[in-house]
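What follows is a single structure, written as C-alpha cells, with notes after it.
Any read-out appearing in this document is the output of simple, stated calculations on the displayed coordinates, not a laboratory observation. Here the structure is a predicted model, which is why all the values come from computation and not from measurement. Here the Cβ positions follow ideal geometry from the backbone for every residue, glycine too, while neighbour counts run over all protein chains shown.
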Amino acid sequence: MTSTFMKTSPLQRVILILSAILLAAPLATAAEDASRLAPLNGYWAEVSRTVREGDFEGYKATCHGEGVLVSGIKKTSQPLAKALERWEQDFVDTKAGKVKGNVEFRFSQRLGDATTAHETGIFRYTTFAADGQVTTEYIHFEVLLVKRDGWKTLMEYQKSKATREEWDALAPGK
C-alpha cells in the first residue's frame, strides 16, 4: 500500500511539512515559556516572602551586587546597594512586628532566555502601620534580571505610579 502522503506532489509534501512545523511551533514556545517562567515565578514569590517576613538578608540576596535602581517618579538613579541601606529599617520593623508589608506583582510582558529576563508590569506595595493605617501604592516597573547563582535584579526601574484599574487589568499569574 502506498500512503496518501507519498501520492502527493513534492510541492504538496513541502507545504504539508511546513504547515505541520508552523502549527507545532506555538505549542513548543508555550511549553518553553512555562519552563522558563517557573523559576522566575519562584523568584518573585521569594521577593514577596522577604518583604512580608521582614527578611532583609533574603531580600538582599535577590539583588545583584552591581544592581541599579532607577526611579522615574523621583527622576533619580542610584546603586541598588544604596537603596537597600535606606530600606533596611523597614525590614527590621517588619521583622519586629512594628509594621507589616506586602508586595505583589503582575506582568504585562515577560521576555528572556535561560540566563536573562526583562520583566514589565505593576507591583502593588501595601504597608500596615502600627496605628492601623493602611497604605497601598501601585507602581509601573521594569526589571532586568540575570541568572548568577539564582535570579538577581540587575536593574529595577520604577517608572511611574499606576492605578488600581491598571492593576486590575493585568491578569494575576501572567
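Some observations on this one:
- Taking the square roots of five times each eigenvalue of the Cα gyration tensor of the stretch 9-169, the equivalent ellipsoid has semi-axes of 39, 17, 15 Å, listed largest first.
- Put in order of Cβ neighbour count within 10 Å, fewest first, the listed residues 115, 120, 127 become 115, 120, 127.
- Subset of 98/147; 74/100; 100/161; 98/152; 75/152 violating a 26 Å alpha-carbon distance limit: 98/147; 98/152
- Assigned charges on the beta-carbon of Lys, Arg, Asp, Glu; the stretch 9-169 dipole about Cα centre (debye): 200 debye
- Fewest neighbouring Cβ atoms within 10 Å first, the residues 51, 146 line up as 146, 51.
- Amide hydrogen neighbours beyond the local backbone of residue 63, cut-off 5 Å, H modeled: 153
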